[in-house]
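Visitor: Supplied in structure tokens, the structure appears directly below.
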Amino acid sequence: MYEDIKKQIRDVKDFPKKGIVFKDITPALADAQCFQSIINAFYDRFKDKHIDKIAAIESRGFLFGATLAEKLHCGLVLLRKPGKLPYKSIKESYDLEYGSAALELHVDAVKKGEKILLIDDLLATGGTMEAACKLIQKSGGDIVACTCLIELEFCNGRSTLEKYASVETFLRY
Ligand code: AMP
């Protein structure tokens, strides 16, 4: 069903380091028809879910998150890398293959009981999305789903996330 979108996802071997096959979404964004198909796929999946806010993960999650929030007529909040948000924030660290990373969220971005859709471009191990889930839960938000355009099934991220919410992806590898 999403074969036309899949054709516009480019594999870049050994980026950003040896052994990684990077899924480059820029050709899909550059093609007007394809970008629209991606947004429509997200829209059709979530249009009846009464989402209050989309929480988008820096940085490629912002591209889909912002466009979809406008179409769903819901709010947009940003999960950013450390030191980028100007106001008082909460932080959640997580492990990477080498070292660690973290996400931050403004303390007042999500209100108790709000229905939140988490979005990013790609799900691999699920570490990034899990940190995002923890931030939304700490803020009192109700996570409707974790969604990504792409899922790398061999990384098993889905099993980490299913205890937080349903996991909704479109292109699987
Ligand atoms: P993870 O925390 O392992 O689920 O990794 C997901 C995050 O890292 C997302 O924000 C992705 O944009 C990025 N990412 C991880 N692996 C890849 C990959 N093979 N191609 C493109 N982006 C990736």
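The values are calculated or read from the model by the stated rules, or taken from the named source; none is laboratory data. Note that the coordinates shown come from a computational prediction; the quantities given were computed from them, not determined experimentally. Positions of Cβ are backbone-derived with ideal geometry, glycine not excepted, and every protein chain shown enters the neighbour counts. Side chains are part of the model used for accessible areas, which takes the heavy atoms of the whole protein and leaves out ligands, DNA and RNA. Shrake-Rupley method; radii C 1.70, N 1.55, O 1.52, S 1.80 Å.
Visitor: Suppose we keep just the DSSP beta bridges with both residues in region 49-172; what percent of those would be antiparallel, to 5?
Guide: Percent antiparallel among DSSP bridges in region 49-172 is about 25.
Visitor: If contacts are Cα pairs under 8 angstrom and at least 6 residues apart, what is the relative contact order of region 49-172 in percent?
Guide: After rounding, I find 24 percent.
Visitor: Here's something else I'd like to know. Just to confirm a number: summing +1 for Lys and Arg and -1 for Asp and Glu over residues other than Lys84 whose beta-carbon lies under 10 angstrom from that of Lys84, what do you get?
Guide: After counting each charged neighbour, the total is 0.
Visitor: State to the nearest 20 debye the size of the charge dipole of the chain about its Cα centre, where the only charges are +1 on K and R beta carbons and -1 on D and E beta carbons.
Guide: 360 debye
Visitor: Now, a different point. Rounded to the nearest 0.05, what FRET efficiency do Asp142 and Ser37 give with R0 = 30 Å and r taken as the Cβ-Cβ distance? Could you check?
Guide: That pair, Asp142 with Ser37, gives E of 0.55.
Visitor: Okay, next question. Would you mind counting up the charge near Phe64? Only other residues with Cβ under 10 Å from its Cβ, with Lys and Arg at +1 and Asp and Glu at -1.
Guide: Value of the local net charge: -1.
Visitor: For Glu104, Glu97, give me the order by solvent-accessible area with a 1.4 Å probe, most accessible first, ignoring ligands, DNA and RNA.
Guide: Largest accessible area first, the list is Glu97, Glu104.
Visitor: To the nearest 10 square angstrom, how much accessible area does Arg172 have with a 1.4 angstrom probe?
Guide: Around 100 Å² of this residue is reachable by solvent.
Visitor: Separate question: I need the shape label for region 31-119. Rule: rounded when a/c is under 1.5, else prolate if a/b > b/c, else oblate, with a, b, c from the alpha carbon gyration tensor.
Guide: Because a/c hits 1.5 or more and a/b fails to exceed b/c, region 31-119 counts as oblate.
Visitor: Accessible surface of Cys34 in the full protein assembly, 1.4 angstrom probe, to the nearest 10 Å²?
Guide: 10 Å²
Visitor: For region 1-82, what Kirkwood radius comes out of the mean inverse Cα-Cα distance, in Å?
Guide: 14.0 Å
Visitor: Ordering Ile150, Ile51 by accessible area with a probe of 1.4 Å, largest first, what comes out?
Guide: Ile51, Ile150
Visitor: Starting from the Cα-Cα distance between Tyr98 and Asp11, subtract it from 0.36 nm times their residue separation and give me the gain in nm to one decimal.
Guide: Full extension from Tyr98 to Asp11 adds 29.1 nm.
Visitor: Per DSSP H run of n ≥ 4, the term is -39500 (n - 2.57); total these for the chain, divide by its residue number, and report the mean residue ellipticity at 222 nm rounded to 500 deg cm²/dmol.
Guide: -9000 deg cm²/dmol
Visitor: Next question. With every protein chain left in place and a probe of 1.4 Å, what is the accessible surface of His106, to the nearest 10 Å²?
Guide: 40 Å²
Visitor: So for the chain, Kirkwood radius off the Cα pairs, Stokes-Einstein at 4 °C and 1.567 mPa s: how many µm² s⁻¹?
Guide: Using the Kirkwood radius from Cα pairs, D works out to 79 µm²/s.
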